[in-house]
4 protein chains.
Amino acid sequence: MATITQRPRARDLGIRIGPLTPGEHNAITDVAGVRVGHVTLNSGEGPLRIGHGPVRTGVTAIVPPGDDWYAEPVEAGQFVFNGAGTTVGLSLIDEFGRIETPVMLTNTLSVGTVYEGVVRYMVERIFAPRGSVPWFSPVVGETSDAYLNDIGGLHVRAEHAMEAIRVAAAGPVEEGCVGGGMGMGAFGFKGGIGTSSRMVELGGESSVVGALVQSNFGGRLTIDGVPFHDLQAPARQDALGASIMMIVATDLPLSNRLLARVAKRATLGMARTGSTGGHGSGDYVIAFSTTYRSPAAKRAARQALADNEGTLDVVFQAAADATEEAILNSMFRAETVIGRDGNMRAALPLDVVEERLRRAGRL
Amino acid sequence: MATITQRPRARDLGIRIGPLTPGEHNAITDVAGVRVGHVTLNSGEGPLRIGHGPVRTGVTAIVPPGDDWYAEPVEAGQFVFNGAGTTVGLSLIDEFGRIETPVMLTNTLSVGTVYEGVVRYMVERIFAPRGSVPWFSPVVGETSDAYLNDIGGLHVRAEHAMEAIRVAAAGPVEEGCVGGGMGMGAFGFKGGIGTSSRMVELGGESSVVGALVQSNFGGRLTIDGVPFHDLQAPARQDALGASIMMIVATDLPLSNRLLARVAKRATLGMARTGSTGGHGSGDYVIAFSTTYRSPAAKRAARQALADNEGTLDVVFQAAADATEEAILNSMFRAETVIGRDGNMRAALPLDVVEERLRRAGRL
Amino acid sequence: MATITQRPRARDLGIRIGPLTPGEHNAITDVAGVRVGHVTLNSGEGPLRIGHGPVRTGVTAIVPPGDDWYAEPVEAGQFVFNGAGTTVGLSLIDEFGRIETPVMLTNTLSVGTVYEGVVRYMVERIFAPRGSVPWFSPVVGETSDAYLNDIGGLHVRAEHAMEAIRVAAAGPVEEGCVGGGMGMGAFGFKGGIGTSSRMVELGGESSVVGALVQSNFGGRLTIDGVPFHDLQAPARQDALGASIMMIVATDLPLSNRLLARVAKRATLGMARTGSTGGHGSGDYVIAFSTTYRSPAAKRAARQALADNEGTLDVVFQAAADATEEAILNSMFRAETVIGRDGNMRAALPLDVVEERLRRAGRL
Amino acid sequence: MATITQRPRARDLGIRIGPLTPGEHNAITDVAGVRVGHVTLNSGEGPLRIGHGPVRTGVTAIVPPGDDWYAEPVEAGQFVFNGAGTTVGLSLIDEFGRIETPVMLTNTLSVGTVYEGVVRYMVERIFAPRGSVPWFSPVVGETSDAYLNDIGGLHVRAEHAMEAIRVAAAGPVEEGCVGGGMGMGAFGFKGGIGTSSRMVELGGESSVVGALVQSNFGGRLTIDGVPFHDLQAPARQDALGASIMMIVATDLPLSNRLLARVAKRATLGMARTGSTGGHGSGDYVIAFSTTYRSPAAKRAARQALADNEGTLDVVFQAAADATEEAILNSMFRAETVIGRDGNMRAALPLDVVEERLRRAGRL
């Protein structure tokens, strides 16, 4: 585990993205039953020796409610803004509208071992006790940490993925240089894991939309509308990998079609941080609903949506804003990391950020 | 034709969107051979009498090079951010990677008559002289002007579409309350037609990316990162229609696949103006290349793209930035319009814009 | 109206496609509330004089239940096997999962006038009485009758589309050389409109899946597995247009996602008639459910699908089989037509068909 | 390796699917440079003991030309008929139009270990010698062998995938119970790996289209139009897994867009064998071109396609026919297999097939 840093989150600095209020932890775990677990691998330094290190990587599990995700899948939708990556599990989301495993985030080349870990976890815990194993479809997303990490060393093993699922917990979520985000960078600075949430009201009921990102992308950094691209390291350092995974969860009863619509809006938040959707940046959004498949849940919101799908507008706003703030948090909370070959991703200089936002009248 | 106003374009005020330089006219017509024509219908006032007016509508033609678009189609790609509309011609763009007619913009319910106009124009000019008529696929986009216009009156006739093609010209493009944009509104203000362009260099050759929009959408207005949503009229006035058509043209030799990628990046510019992708907002992007199907053209850029598709990054930047500036221009150039039932779309108050941008250090 | 022919339908000859039983009329109108109307234009002969004829065309309306399709839309899904055409209304089906107008079939270049007809019909009947007109999204499909018809003459006018909606009726459906199918050909023979249906049981309830096609495509004709391509006219005659529109309706409570899945299976029936998905053949499927948006309807089937989506398998079978039989009916019922310039589409020689099927043991 | 059986291929029996002629080996390896390798795991019998066996599984590698697939990727396109599975690598095919690794086929739950095997193979052979490892995107397809195999035991390891790539060879391809097809069944009979090819002429040049399938799907078995569904085992036995992977390779210079079009036509061949696209049947097609990215190759075909994309029609026919015959071969060559818990997939009884086809006049 990375040390828990004292660096503030965006909101601690006074930044307010959009008009809506965050949930209790301002995290994806504000959606009841959703848990997050990280396993962080951080060891070695000096020159890259493929297979030996240095190691700056990990795996993050976003775990839907319950413990038999196959028997009780969550409804899901997805959107690929830029398919320059190798995320697994998207075709089942489109076809069956569901996710039947935890959603895992790791580095690009470790998708296979993490997939194996999900399979082994579910075979051992869910299927072996019953004596029969069906096919199922793990969801594993990735971005590349090749700039800091010995990515070819495949240091994330199946056991790490199983451990990330096992340790997943509700409540506050560690951000920055943790889990799948350990070796990631954004806009030339250190990126990684970030999360945020928004409360919305539909049909008189209060619901929540949460986002969690693994940020590793580029563009021209913009914070709450204020430009910071002059501070960015030269773009060449991003060349080996630059992507973002965006996970949106909600307790609103949204179908596959509506979740795919919500997923698209996450990219609006991504855009507002300055992304230009770089060629090699695999930008994926996966959205899921914890209540859609329980017809008795959230009846008022269900009715409101059936009566007027336009009530989704506040949900779209929530998804865009929570994603934007999650990206900021992934950078605000991340500390400077030096990886293989001395490659460095510096922490975003928050004093400069604060001063410039203040000068622009944004704080 | 609407009166040419003296209101400035965004760049006249000193606004600079992104790092790239516009082309000669800062318009989609900077792409050699591309022409734009408007027919504007603006008559009557007072209460709505369906079929009689008031009329606040029109049609805009974006005409690819040459005059036999069927024999010499342009390569094309598209992206639907929100399919809440009725744009025609998208499936052929996906399947054949081409556009074989002018690209038309009008109001939602006039798609049919404009389609008929394109057919009649091409039958008369191209096919009848040869004595045989094949099937072909007109491209007609739309947004709804129901808030200001007698949209049910179908005042745009086939003849108007034919006239818009006929008058299409190179050079500066009229913006604001013209053509298909006559009755449109954006962010509660008057919107309509806007355009912009960016020069890019690939393979040592200078090329251009141009955007033209018909803006009719909403969200929380943001100009160059500075918020203006407090000035917006209450959202309810947008309820009857809120969408955006974005057309991107380039003389870069981009295939269908690359144009679809470019089209996606136009939505990044849309996002930065404050769109939250409203439920009822049909947000479509159509992109075309004037050179891809001429193998002898733009050889150096062609080679640069084949060697490293990542050279597209500057094109993505150009598409996002030109679209953002085109949206601003559509509002900057538009004057206040009062339509049916006294419904009003006020011109964006540019004095407030200027002062606030200056205070935020953006001018 | 074309003369009602005495030619038999496929089933009259003893052909049985698949294991399921057709509904009462073996037609899309077996789905309660669904009506079909044709307007057939058939006049003139001799050489093509563009704008004058000969005229071999028309328009067909498939009308969902009720008479305010905007206030009470049907749930819908779609699949484009080959986008070589210009069908309108698909993006709204994907985005909103609904159809809010009749579904119209006509020739390719008349999409615009038919679109206008739908708009005028709905403005006059639905919106004008209320004094306000929203935007809405007509669904108009097409195939090309350029081989027989003066397609460039745009003989189908808005009034014809309005009339097709007006005359739409439940019960038996006229097939062959009627409506949009008047000038169409399939596999070198005369094609046009055909329909069929299948009864299915889900959750103990009996439901129906109906298909209607406008056949104008090619390949190597196969009837119930038996090859007939040796009888086909040389392929060149198909060059000017070759496509198929497939409409599937059901009273099963299927969501947009499930309807899109059902739509894909219609192409399996198309494949079994010998299609090879020709380059220029625009092959589109549109599927809709008349009950999905009425939560109180079809509760048992709804529960069966929620419990196990695999119960769809019989629906997939029904969609494939009904589409295959609808295609056969479109050819079985069509009579020989001579069109412009003496171009001829001969009726499928049913005596040869019967004898060969008998020899192959299929009758 | 499974024993090479003496069972005939479809063509050995006199079956002729479509009008085109196969290549030398009637196999995907007729495409110059394409190699196929199998590793087959077949051990144990008796009751299922999860983690111990019985083992009836394996992995198949379809290896594009050359040995640095990252530096010299093949152009690719794909089509998902039914996304009920977990195939990896599709989004990069859509986005970059390329495949940069071998294409692997295995069982559903072993996708992760096979992914790891591809990564390790390429890191060791390609990247480690250069001292730096980029991200890349393995392509791994799957179908479920849970009916015969201890699928939860994850018996396919990374080493097996590496070995399948290593042993891949040109020339005749082993079919039936080999590689990824070891434990697969089709239409209630034993299925597995099958392949076929067709010669086509474009621009005066002879080219080849090859297909390879891993068949594990169901429906109503039809061989060359003749029904055999009365012979099928009851459908329930298929419930645990039923899918098909279809790989199409060609030396024609086809772009991503055209390859996606070709991929769709493979499903026409699938349809003609009797598939009804079962709910749980993950039906995926991946198509690649070995020459598109070498502008000097196949100039005449390139020109023919540029002049008239309709010349693709023969390629569509070839893809559909080769896929249909590959499916037949996967069953014709497969021998009876008894797997876990005594579950059996009987070999297709070829004597019955021959006699019935003869009676129907098809031989």
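Run the 1.4 Å probe and let me know the accessible area of residue C:49, rounded to the nearest 10 Å².
140
State, as an integer percentage, the relative contact order of region C:1-61 based on alpha-carbon contacts under 8 Å between residues 6 or more apart.
28
Of D:43, B:196, which has the most accessible area with a 1.4 Å probe, and how do the rest follow in descending order?
D:43, B:196
With a 1.4 Å probe and all protein chains in place, put D:220, C:358 in order of accessible area, largest first.
From most exposed to least exposed: C:358, D:220.
Does region A:59-191 classify as rounded, prolate or oblate by the C-alpha gyration tensor (a ≥ b ≥ c root eigenvalues; a/c under 1.5 gives rounded; else a/b over b/c gives prolate, otherwise oblate)?
prolate
For label points placed 7 Å from Cα toward Cβ, what is the shortest-first list of nm distances from residue C:310 to its copies?
4.3, 4.6, 4.7
For region B:285-363, what class follows from the C-alpha gyration tensor (a ≥ b ≥ c being the square roots of its eigenvalues): rounded when a/c is under 1.5, otherwise prolate if a/b is larger than b/c, else oblate?
It comes out oblate by the Cα gyration axes.
Just to be sure I understand: with springs between alpha-carbon atoms less than 10 Å apart, which residue in D:274, D:185, D:141 has the highest mean-square fluctuation in the Gaussian network model of chain D?
In the Gaussian network model the winner is D:274.
Show me you know the interface measure: the accessible area buried between A and D, both chains summed, probe 1.4 Å, in Å² to the nearest 100.
It comes to approximately 3300 Å² buried between A and D.
Under a 10 Å cutoff between Cα atoms, tell me which one of B:254, B:48, B:148 has the largest fluctuation in the Gaussian network model of chain B.
With Cα springs under 10 Å in chain B, the top fluctuation among B:254, B:48, B:148 is at B:48.
Accessible area of region C:96-166 with a 1.4 Å probe: how many percent of it is carbon plus sulfur?
42
Given a 10 angstrom Cα cut-off, can you work out which residue in C:314, C:156, C:114 is the most mobile in a GNM of chain C?
C:314
Would you mind working out the accessible area per residue for region A:247-363, using a 1.4 Å probe, and quoting it in Å²?
The answer is 28 Å² per residue.
Keeping every protein chain in place, order C:229, B:160, A:38 by accessible area at 1.4 Å, biggest value first, i.e. largest first.
Ranked list, largest accessible area first: C:229, B:160, A:38.
One decimal, nm, shortest first: give the distances between the label point of residue B:11 and those of the same position in the other copies, each label point 7 Å from Cα along Cα→Cβ.
Here the equivalent label points are 4.2, 6.2, 6.6 nm apart from this one.
Post the alpha-carbon centroid distance, region B:26-54 to region D:133-180, in whole angstrom.
Cα centroid to Cα centroid, the span is 60 Å.
What does the C-alpha gyration tensor say about the overall shape of region A:1-87? Classify as rounded when a/c is under 1.5, otherwise prolate if a/b is larger than b/c, or oblate.
oblate
How much accessible surface does residue D:298 have with a 1.4 Å probe, in Å² rounded to 10?
Residue D:298 has an accessible surface of roughly 40 Å² with all protein chains in place.
Please name which of D:183, D:197, D:336 has its Cα lying farthest along the dipole of chain D towards the positive end, using unit charges on Cβ (Lys, Arg +1; Asp, Glu -1) and the Cα centre as origin.
Of D:183, D:197, D:336, it is D:336.
Between beta-carbons, use under 11 Å as the cut-off and find the net charge around residue D:290, counting Lys and Arg +1, Asp and Glu -1.
-1
Can you list, shortest first in nanometers, how far residue D:47 lies from the same residue in the other copies, with each label 7 Å from Cα toward Cβ?
Here the equivalent label points are 5.8, 8.5, 8.7 nm apart from this one.
Give the accessible area for residue D:130 in Å² (nearest 10); use a 1.4 Å probe, count only protein heavy atoms, and leave out ligands, DNA and RNA.
Ignoring ligands and nucleic acids, residue D:130 comes out at about 140 Å².
Excluding same-chain residues fewer than 8 positions from residue C:298, which lysines have a Cα within less than 27 Å of its Cα?
Those lysines meeting the cut-off are A:298, C:264.
The values are calculated or read from the model by the stated rules, or taken from the named source; none is laboratory data. Remember, it's a predicted structure, so these values are computed and weren't measured experimentally. Here Cβ is always computed from backbone atoms with ideal geometry, including for glycine, and neighbour counts include all displayed protein chains. Surface accessibility is based on the protein's heavy atoms, side chains included, excluding ligands, DNA and RNA. Shrake-Rupley method; radii C 1.70, N 1.55, O 1.52, S 1.80 Å.
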